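As structure tokens, the structure follows; a few thoughts come after it.
The values are calculated or read from the model by the stated rules, or taken from the named source; none is laboratory data. Given the structure is predicted, the values throughout are model-derived calculations rather than measurements. Cβ: placed from backbone, ideal geometry, glycine included. Neighbour counts: every protein chain shown.
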Amino acid sequence: MKTMKKIGGFLVMGILLAACSSLRVASDFDREVNFSSYKTYNFYEKGLEKLELNGIDKKRMLAAVDAEMQAKGFTKAEKPDLLVNLVIVKRERTDVYDNGFYGGPWGWRGWGWGMGWGPFWGGGMRTADRYQEGMFIIDFLDPKTKMHVWHGRGDGFNLDSFKNREERINTGVKEILAQYPPN
């Protein structure tokens, strides 16, 4: 019995940890660039003007990028080696949930066989959750060549949820920038 409780506990923890990180992360880069030559950074001002976030979230995202860049050993400078461009792409998403209660008068009814509670045929209850889903894009531009050198993105951020928002932004930025520098 104790073994079953331990296995159950590990299973629950695994599910919770998997649910915490729903961001799908990917990156790409210019294979001809020597990334070890970049030591300083700053934000691409024209990109910040177009960033579609409210003022609070924009401040959070800039702070998260600053923290990660400094943790990687970069220094913020007026004339940087890298310009950081931030983009948010939004789309409406609908998730449909179904309770799975189906069957006729003599079929599986959710609680057992035979005549059961529920409408005659079908009867499954469906609910829909609509929200704005966002993709965070972080691009690094070389100001000397005026070219993209690195592109990272995190897809699957629920923009309508305010629960743990600052923490989720920090985690998202950290997961995206974990792929920099490329191997």
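Structure values in brief
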| read-out | value |
| --- | --- |
| Test: residue in region 94-109 that is modelled with pLDDT under 95 and either under 15 Å from the mean Cα position of the chain (by Cα) or on the phi > 0 side of the Ramachandran plot (or both) | yes |
| Residues of region 59-76 classified as buried (at least 16 other Cβ atoms within 10 Å of the Cβ) and out of contact with any helix residue (DSSP H, G or I) (no Cβ under 6 Å at 6 or more places or on another chain), total | 4 |
| Qualifying positions in region 25-49 - free of Cβ contacts under 8 Å to residues at least 40 places away in the same chain, closer than 28 Å to Arg91 by Cα and exposed (fewer than 12 other Cβ atoms within 10 Å of the Cβ) | Glu45, Lys46, Glu49 |
| Region 146-161 - residue that is among the small types (Gly, Ala, Ser) and in contact with a Phe, Trp or Tyr (Cβ under 8 Å, 6 or more places away or on another chain) and, of those, modelled with the highest pLDDT | Gly152 |
| Near pairs, Cβ below 6 angstrom, 6+ apart or cross-chain, from region 145-158 (on the phi > 0 side of the Ramachandran plot) to any residue that is surrounded by 15 or more Cβ atoms within 10 Å (Cβ to Cβ) | Gly156/Leu23 |
| Subset of region 8-49 (residues that are modelled with pLDDT under 90 and either part of a loop (DSSP other than H, G, I, E, B) or among the polar types (S, T, N, Q) (or both)) | Ser21, Ser22, Leu23 |
